[in-house]
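First the structure, in the form of structure tokens, and then the observations on it.
The values are calculated or read from the model by the stated rules, or taken from the named source; none is laboratory data. Remember, predicted model here, so these are calculated numbers, not experimental data. Positions of Cβ are generated from backbone atoms using ideal geometry, with glycine treated the same way; all protein chains shown enter the neighbour counts. The protein model used for the area step is the full one, side chains on, heavy atoms only, and it has no ligands, DNA or RNA in it. Shrake-Rupley method; radii C 1.70, N 1.55, O 1.52, S 1.80 Å.
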Amino acid sequence: MNVPLLDLKEQFRTIEVDVRRAVDRVLATQQFILGPEVDAFEKEAASYTGVAHAVGVASGSDALILLFMAMGIGPGDGIVTTPYTFFSTAGSAAHLGIRPVFVDIDPGTYTISPEAIEKVLVEGGPPGVKLRAIVPVHIFGQCARMAPILKMAKEHDLAVIEDAAQAIGSHYQMPDGTIRMAGSMGRGAILSFFPSKNLGAMGDAGMVVTDDAALADIVRIMRNHGSRPKYFHATVGLNSRLDALQAAVLRVKLSYLDRWHEARRANAQRYRELFQSAGLVESGHIVLPARPPDDGKNGYRPHIYNQYVVRARDRNALREHLKKRGIGTEIYYPLPLHLQECFRNYGYREGDLPASEQASRETLALPIYPELTPEQQQAVVESIEEFYRQS
Ligand SMILES: *Cc1c(COP(=O)(O)O)cnc(C)c1O
């Protein structure tokens, strides 16, 4: 049975009529840059995310660059972040001459470790670098442990910028029981609408979300060459606008998003049951995704499963085996950022951030997309069972 890691064609079939109608609406107006579709999507996305302001931009990576620029974080400054993430969390900072200071992750959830952040804050970070912000990543669709992070940031006068690229619609439960949406907890946050995210555009797209009206306004100016009024530039910005066509498509898809999250959660639950009854959890061959210890109470399920990532014994050979069986998987991420060649000058060595390095060696993302069928999931688990029986 063929089981791709992600099948966007299947999703498109279910929304095709709506999407074509939305695209036609834009084609009829021939207004492709900003305009009413972008305005409307910004309002709808802000409301969905539980923030006051949303600014549509060209990608999640640009959203990070624009947010750093708008906050005046630049050369000589540092951000504390995780090495176990997509490149642009740190790449967007480095692009501006900001030093990413990497700290290790919690091995259970793969999110940044608040204890590791605290250690850096107490030690003060690398010499000559002024720490300005903590950038937690809600990796795979599950929020980082935000309560201690927000507390530390306050104590040390640092901003919190959430990389919520993989986590639109994910929740976090504060210690007092209040529930917050991913992207609504920091000074600002970024979303990505890369096609493989839970809310994916038909191309590149991203967004800055924030409750801070002044900050949103600066991002709005900066995404459009820093110009206001038109052709007058008090600052130097970028050309990084959200396309009207993408906004129109995203508006359609946003109306399905909660249903898709639910389908992914149901698939995750089915995997849990299948792996457990196959004995692969008990035997230690497979480690299922965990919930953070201060979260997930009372059956409350905050994860949106942008990726379903397990630890697997003999991961690389398992991946080869699954490939032969027609099952798509991916390694997120095979080399943590502190060991990337482009960051060699920061001086990290193998062994510096062991939990991240171990995760890079052991994790495997399995198909989890909403349209995945129970039969396909069964085929995935049976093929994994077969691999460990043979090995
Ligand atoms: C997808 C992603 C981004 C931004 O990606 P773009 O492709 O630029 O939209 C940033 N951080 C993380 C963690 C991501 O997964």
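Structure data summary
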quantity: Sparsely packed trypsin sites (Lys or Arg not before Pro) within the range 312-342, loop by DSSP, other Cβ within 10 Å at most 12; calculated: none
quantity: Nitroxide proxy distance, nm - points 7 Å out along Cα→Cβ at residue 13 and residue 151; calculated: 5.0
quantity: Partners for residue 230 among lysines (Cα-Cα distance below 28 Å; same-chain residues under 8 apart left out); calculated: 43
quantity: Length-normalised contact order of the range 251-387 in % [C-alpha pairs under 8 Å, at least 6 apart]; calculated: 35
quantity: Theoretical FRET efficiency, 1/(1+(r/R0)^6), r = Cβ-Cβ of residue 281 and residue 331, R0 25 Å, to 0.05; calculated: 0.75
quantity: 13 Å beta-carbon shell around residue 135, net charge (K/R +1, D/E -1); calculated: 0
quantity: Kyte-Doolittle mean at least -1.0, axial Cα span of 27 Å or more - DSSP H helices of the chain; calculated: 8-29
quantity: Cβ-derived FRET efficiency at R0 25 Å, residue 47 paired with residue 214, nearest 0.05; calculated: 0.80
quantity: Taking the range 8-254 and dividing mean pair separation by its residue count, relative contact order in percent (alpha carbons under 8 Å, at least six apart); calculated: 26
quantity: The range 154-271: C-alpha gyration tensor shape, a/c 1.5 cut-off, then a/b vs b/c; calculated: oblate
quantity: The chain, helix-only ellipticity at 222 nm - DSSP H runs n ≥ 4, -39,500 (n - 2.57), divided by all residues, nearest 500; calculated: -12500 deg cm²/dmol
quantity: Portion, in percent, of the accessible area of the range 257-390 that falls on carbon or sulfur, probe 1.4 Å; calculated: 45
quantity: Derived scalar couplings ³J(HN,Hα) [the range 160-176; Karplus, 6.51 cos²θ - 1.76 cosθ + 1.60; whole Hz; x for Gly, Pro]; calculated: 10, 10, 8, 8, 9, 4, 9, 9, 4, x, 6, 10, 9, 9, 6, x, 7
quantity: Loop-resident sites, the range 314-352, for GluC sites (Glu not before Pro), counting at most 10 other Cβ within 10 Å (DSSP); calculated: 350
quantity: DSSP-defined beta bridges in the range 8-254 - what % are antiparallel, rounded to 5; calculated: 50
quantity: Three-way shape call for the chain based on the alpha-carbon gyration tensor, with the a/c threshold at 1.5; calculated: oblate
quantity: Neighbour net charge for residue 238 - beta-carbon separation under 13 angstrom, K R +1, D E -1; calculated: +2
quantity: Of 130/197; 9/253; 119/197, pairs whose Cα-Cα distance is over 22 Å; calculated: 130/197; 119/197
quantity: Modelled FRET efficiency - R0 51 Å, residue 266 with residue 130, Cβ distances, 0.05 increments; calculated: 0.65
quantity: Among 11-18, 283-290, the order from most to least packed when residues are scored by Cβ within 10 Å on average; calculated: 283-290, 11-18
quantity: Spatially proximal aspartates and glutamates relative to residue 324 (Cα-Cα < 15 Å; intrachain offsets below 8 disregarded); calculated: 382, 385, 386
